Every structure is written in C-alpha cells, then in structure tokens.
Ligand code: DGJ
C-alpha cells in the first residue's frame, strides 16, 4: 500500500516474531488509512482525520499522493536549521515518502538517545518540483493510538497562574491544546500527557522544542482509535516552499511509560542531559538575589550596594539587577540599553566591579525582543518594530516587539548585548519577554504566513551566537514570569523564572504542574516579601523557603525590611540549600500525593544511589489546627534496606528536633507521624494556611564519622 504503519508503540519488545503483528488488513485503501495506525497522514490519501500536513499544490489542489519509498538509519542526525533540537542523539531512523506527481519528499526522522526512552521526531518537506508550493499545516508528530478511553492532562492558566494541571476526558471530536500568542504562552503549555483508561497502565507524553505558537490535537475517531498531532500552530501559517527548498519543522518529543512518575523522571533526565546547553549540564544554579520585588524601579546605587552586602553576608552567590537600570518606569527606553546616568554616575561597569568586589557574581535584566516608541532606537529605526504599516498596533505594557525576522535587528541586538556582557563582565542575563504578538508583519519577511517561524529562527540564531561566544554566561529565561516556559528557550538557558506570582501557596500549584514535565534545575523560585505583592497573603519566611527550595533558590525581597530573626533564618536556609544543592536541583523528583487532590502531600528528591533524600512535606490547612490529624506520612523512593538518619530542617521559632534512625522500608511503609511537627511550625503571619517542614534522609554510612557514632 506504499505506506508505513506504527504497528506498536509501548514497552520494549524482546523477540522478533513479526507474526505477532499479523491480523486483519483492509483491502480498501480508505478503510486502511482510517482504521490502521498511520504515522503520516495527508489529504488525498483516503484518511479523513486531522492530517499530518496540508499542502496547497501548484495546481491549486490540496491533494497529495505520497508513497512510502525507503527507510534508513543515520548517525547523529543534524537538521540544517536554526531551530534547536535535542542534543547528542545516537541514531535516527529516517523514513521517506515521495509524491511523484507533485515532486515533493516528506521525511520523518525518529531519533533515540543514550539512557533515555524518549524519541525525538523531526519532519522535513522538500520541494523538488519547478514550482513553489504552500505548506499550510505541518505537525511534527502524528501518533495513532488504539482505543478511545483516554484522559488528557494539560498545563494551562494565565499570567500568575501558569501551568496548572488540568485533566479532561477525551470524547468523540477533537480536543485542541494550543497557543496563538506567538509564544508558548501561559495559557497552554506544549507539554501534554495522555493516560489510557481500562487496559493496563499506558501513559503517553509529548512536548515540542519550540517557543512560538503551538498546537496539540487529540482526535477521538469512530473506529475505536485516537490520533495525536503535535507541532507548530497552523494559525496564520502559510509557508511558501520554493523549488529546491526544504522546510524543517520543530522537533517534538514523545514518550511512552507505564506510570506518570516515570514520565516525569524521563522528562527531567532528558531536559537535564539533552536539552539545556552542554556547558550548563549538571552545573548547580547559583543562589540569586534579584532586585525586582525588592526595589522595582526605585533605587539608588547605594541602596543596591547595601542589599548586595547583606546578600553576600547571607550566603547569596549572584546579584541580579532587574529592570530599572536604564529607566525609571516601564514606559520607555527598551531597545537602547543605555545605563541611567542619574542612577549609576560612574556607569554600569563600575557598579559591576563593586558587586564583583564583594565576591558576588553579577547579572542584568534585558528584554531584547522589545522596543519602546520612546527610545533612540525607535527614532532612528521605526522599521525595526513589529507593526503593520498604516495600522495602529496593539501596545502591551507600553511597548512593541522588534522584528526578529530582520537580520539587521538580530545583528543590532547581538552587537549591543555582547558589548555589555563584555564591558560589564556579566555572569548572567535575565532574558525577559513581556508581551505577546499581535501585529505580525515585516517589510523584509515578504510572506507573512512564515512570520512567526522566521521570528523564532531569528531569535534562536541570536541566542546561539550569544551562547557560542559566552558559553559560561548564565541565561535565565523569563516572559512576564512563566509565559514562555518551553524546551525551545531551555535549549539556550539554564532555567526559567517560573511565575511572577511568588505567593507560596499559589506557587505550590504552579510548581507542581511545571514539575510534571520540567526538572527542578530549570524551575527558578524566589522567596519574596510577606504580605505577598501579588496576593496580599502572609506566610512565614520558612514556608516561603520550603516551597522555593523545591526549585532553584533565590531571594527577591528587601533585606533592609527584614527582622533580625528573619535574616538569621535566611542565613540558615541558604546554608542548608547549599549543603544539598545538587540533590535539590538534580535529584530524582517524586510526588507524594498532590496539592491538587490532597491537603497533605510531599515533594521528594532522591539521589541516584538513594543514600540521600529530601522531602518537603506540606499541609494546606484551611480549617486551621482542626485539620491536622496525627496520621503517619509515608515517604517514597527510599531504598528499603538502607538505614537512614532522619532529620528535620531546623526552622525559626521551632524547638530543635533531634534526628532519629529508620529503614527506608519502614519510612515508606509506615511513615512518620508529623501532626505535632506541623502544629509546631510558625503559625504567626500565616494567612494562607500553609504548614511545611523539610525532612532530610542520609544513609548512616554516608554520615560524617562523629554523627555516625551518635
Ligand atoms: C516581568 C518579570 O517577570 C519580572 O520578574 C520582572 O523582571 C519585570 N518583568 C521587570 O519589568
């Protein structure tokens, strides 16, 4: 039939008896195309479900006649593109289809990786004809599944409540999880998970290595089958593929597993090892002080130096000067990147020298992709802004975006950013993006249907040039908080600011959702002020820390307004975090219960050899003391035969709790009674009713010798 079926996607098979796959085959082509599991579907092939691609041909038709031609293995597949793709693939299986009448090749590439069950999928469309064709839609993965009883989990929300976990039952029809904002968006993240109900435990998860508008569709069809398509959004999409040109789609990831915890584990491993920049692999993220929620736009150099001195004394490693170093409000100057002389009379390099002199690393905030109309750049280059001539653009936060499809714009940004990195000796950049795309247009990118795709090629090219030149520069990605939390941005950065909502209770849900598909090492989490600036809720400094410690720790509050007790607490928190930094950022993450379903739950992180582990146990006690029963809390992931020394992190306002010993088996089967412990945690200033404690497990043999004797 000249096609290629995905006969099976699941656990590894060990035999090679292909008779297992024999069964009913459909003689009618259209029946076969709709009932059997296709890996590639197109209009004109007899399948009426959502296709993998839609092409408008030279003859005006949407009809293609692709026939499978060949498959071959390729070592280290490297697509010829600026789009990022997973690093260090081992082998790729390339399958080709040819449409003889239209002279188009469609290539699907499945790549595999060391120590990972994830499969990365690429697609290429190559036009061999003498005419241009229009690619109107193109998914990176099409996966046909058996059965129709599936639950789809997506991670959706908005600014300040990003990536909340939501599960929907798939019904007959098409469920679409997408973004049309020109970014992966806070509304719907490209990471999705499907669970098959009824027969066994089957979980499938997908993600896309791309930061622009995306689309994941799950179609329940009428022949007891379900189709998943994952790729760039076809919204306003029309790619003109000229003769001889190849169109390369963003790479997608897919994984099958028998448990959700394993999906999370595999995704975490893959992001840490195959997505983030090689120079940053396994490197602990430094403990940050960020000026934003502490001083916003209102600061003097002396105030900052005072904060930096305190930060250093508390154990902080990196001082980040957020927005405000080049302006006094959010109405102007984006694009110029000239330091505000009234704030830094001796310039930025001098200020950086003072910070470095304190023994801290120094980082700066940028929003490279944006431009203010009140700026020198706009005055000299209005053509650099993303606007449609003669149409009033939508302004968000008083700003426009830059046209990154234009090489002159990316060259300008590369020049100005690298100049500052070099002169100021920056160790870190916060790469912010505070608006979405509304007025997509460019005088240089003539075909508007390619706009977003070319914008992201421009952005990735820029990020690659910067990271190639400064491999040790730490980049923290941000987009009004977590509005662009995706594998595309992570290909160039160490981590992403998870959300502008720093309220500890709200953060629990945002972080738990995020951690389903992204590891602790890329989740940036700061302790901020109480009452919280976004919600007005009050929580103790210890709760704020316990929740931030699930990710990469930072502080974003005015130390000058903290009490001595709080500062003392912070100092001890940082020392604790530093002691276990590798475990906290790179350990195997396990959820015990869930904030979405239980009022008592925990986040466990376990070392590879299981000799050390940490568990943040949280109780959301909306009915106060009454809600706390003294039932044992059961841990997970510990080795049954290891005897652990169990300690509780010493918190402010709490009696010191001495450690005890117990076997992993007992800690995971019976657990530990924690009602009393939770009652003892700081009750003051706790309007959002969180109680939390951190348990530390260290195998007896691992302890320093004096502790062993005890
Ligand atoms: C939005 C970010 O999410 C904040 O952390 C801060 O950097 C502001 N932008 C600064 O304008």
Might you let me know whether the range 153-173 holds any residue that is without any contact (Cβ under 8 Å) to a residue 40 or more places away in the chain, assigned to a loop (DSSP other than H, G, I, E, B) and surrounded by fewer than 22 Cβ atoms within 10 Å (Cβ to Cβ)? yes
Complete set of residues in the range 394-431 that are farther than 23 Å from residue 356 by Cβ and within 16 Å of the ligand (Cβ to nearest atom): 395, 396, 397, 398, 399, 400, 401
Test: residue in the range 128-136 that is part of a strand (DSSP E or B) and buried (at least 21 other Cβ atoms within 10 Å of the Cβ): yes
Counting only residues in the range 421-460 that are outside any helix (DSSP H, G or I) and surrounded by fewer than 19 Cβ atoms within 10 Å (Cβ to Cβ), the one modelled with the lowest pLDDT is identified as 446
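What's the total number of residues in the range 582-603 that are on the phi < 0 side of the Ramachandran plot and buried (at least 17 other Cβ atoms within 10 Å of the Cβ)?
15
Evaluate the range 563-585: report whether one residue or more is outside any helix (DSSP H, G or I) and farther than 26 Å from residue 633 by Cα.
Within the range 563-585, one or more residues are outside any helix (DSSP H, G or I) and farther than 26 Å from residue 633 by Cα.
For every residue, the table says whether it meets (1) more than 25 Å from residue 98 (Cα to Cα); (2) modelled with pLDDT of 90 or more.
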position	(1), (2)
11	yes, yes
16	yes, no
25	no, no
32	no, yes
59	no, yes
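With more than 20 Å from residue 204 (Cβ to Cβ) and touching a residue at least 40 places away in the same chain (Cβ under 8 Å) as the only criterion, which of 118, 43, 53, 105 stands out?
The unique qualifying residue is 53.
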When the residues of the range 361-377 are narrowed to those that are within 15 Å of the ligand (Cβ to nearest atom) and not in a loop (DSSP other than H, G, I, E, B), which ends up nearest to residue 312 (Cα to Cα)? 363
Residue satisfying all of: in the range 288-302; surrounded by fewer than 21 Cβ atoms within 10 Å (Cβ to Cβ) and in contact (Cβ under 8 Å) with a residue 60 or more places away in the chain; nearest to the ligand (Cβ to nearest atom) among these: 293
Residue check for residue 335: outside any helix (DSSP H, G or I), in contact with a helix residue (DSSP H, G or I) (Cβ under 7 Å, 6 or more places away or on another chain) and in contact (Cβ under 8 Å) with a residue 40 or more places away in the chain: yes
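Looking at 537, 472, which one is surrounded by fewer than 24 Cβ atoms within 10 Å (Cβ to Cβ), more than 12 Å from the chain's Cα centre (by Cα) and either within 14 Å of the ligand (Cβ to nearest atom) or under 24 Å from residue 414 (Cα atoms) (or both)?
One residue alone meets the criteria, 472.
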Specify which of the listed residues (391, 312, 345) is more than 16 Å from the ligand (Cβ to nearest atom), modelled with pLDDT of 95 or more and closer than 30 Å to residue 565 by Cα. 312
Do we have any residue at all in the range 499-506 that's surrounded by fewer than 24 Cβ atoms within 10 Å (Cβ to Cβ) and either in a helix (DSSP H, G or I) or away from the ligand (no atom under 12 Å from the Cβ) (or both)? yes
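Taking residue 496 as the residue in question, decide whether it is within 14 Å of the ligand (Cβ to nearest atom), in a strand (DSSP E or B) and without any contact (Cβ under 8 Å) to a residue 60 or more places away in the chain.
Against the criterion (within 14 Å of the ligand (Cβ to nearest atom), in a strand (DSSP E or B) and without any contact (Cβ under 8 Å) to a residue 60 or more places away in the chain), residue 496 qualifies.
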Only one residue in 557, 567, 523, 487 is crowded, with 21+ Cβ neighbours inside 10 Å and more than 16 Å from the ligand (Cβ to nearest atom), so which one is that? 487
How many residues, within the range 63-88, are within 16 Å of residue 119 (Cα to Cα), without any contact (Cβ under 8 Å) to a residue 60 or more places away in the chain and surrounded by 13 or more Cβ atoms within 10 Å (Cβ to Cβ)? 2
Exactly one of these conditions fails for residue 478: (1) crowded, with 24+ Cβ neighbours inside 10 Å; (2) more than 16 Å from the ligand (Cβ to nearest atom); (3) free of Cβ contacts under 8 Å to residues at least 60 places away in the same chain. Give me its number. (2)
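The values are calculated or read from the model by the stated rules, or taken from the named source; none is laboratory data. In this text the structure is predicted, and so the values were computed from the model without any measurement. In this analysis, Cβ positions are derived from the backbone assuming ideal geometry, glycine residues included, and neighbour counts consider all displayed protein chains.
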